[in-house]
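To start, the structure under review is shown below, and the notes come after it.
The values are calculated or read from the model by the stated rules, or taken from the named source; none is laboratory data. Since the model is a prediction, treat every value here as computed from it, not as a measurement. Glycine also receives a Cβ, built like all others from the backbone with ideal geometry; neighbour counts cover every protein chain displayed. These accessible areas exclude ligands, DNA and RNA; they are computed on the full protein's heavy atoms, side chains included. Shrake-Rupley method; radii C 1.70, N 1.55, O 1.52, S 1.80 Å.
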Amino acid sequence: NVTTVDEHIALHPPATQRWLQGIRERFGRMVPDATECISYGIPTLKYRKRNIIHYAGYPHHIGIYPGAQVIVDLASELTEFQTAKGTVQLPLHEPFAYEIAERLLQRRLENFAKTGK
């Protein structure tokens, strides 16, 4: 089991590492006062003591876990991606869908601001 985000990223091939690092950097810029941790065994961004979004590398995609409400809210923007309750799969090909990852976090932050959870 990994204990740091760096360890999780290091488990993957170089291209996947690059995309995971890109997500990490973008999320960090979007929420500079958030902290990183491993929760549920995967990289997690904590904001105001709450898990705000998770992400993880897999053989054919990067999973982004913003919660079920975000997936419902953005369903019309996610039609080209595999989704399930609370998750979006971003395929590992060029160009990588960073803008969708950022949009998921943006909506998650908006929902958090409204509900506090």
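Here are the numbers for the structure shown:
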{"read-out": "q = 0.14, 0.18 Å⁻¹: log10 I(q)/I(0) that the Debye formula gives for the range 9-56, counting C-alpha atoms only", "value": "-0.32, -0.52"}
{"read-out": "Descending semi-axes in whole angstrom, ellipsoid equivalent of the range 1-81, from the Cα gyration tensor", "value": "20, 17, 12"}
{"read-out": "Dipole in debye (nearest 20) - the chain, about Cα centre, beta carbon charges: Lys, Arg +1; Asp, Glu -1", "value": "520"}
{"read-out": "Cα pair distances exceeding 20 angstrom across the range 42-117, given as percent", "value": "25"}
{"read-out": "Simple Cβ-charge dipole of the range 60-115, Lys/Arg +1 and Asp/Glu -1, about Cα centre, in debye nearest 20", "value": "280"}
{"read-out": "The range 66-97-the range 1-49 distance, computed between alpha-carbon centres (Å)", "value": "18"}
{"read-out": "Surface share of carbon and sulfur [accessible, 1.4 angstrom probe, percent] for the chain", "value": "52"}
{"read-out": "Accessible area of the chain divided out per residue, in Å², using a probe of 1.4 angstrom", "value": "56"}
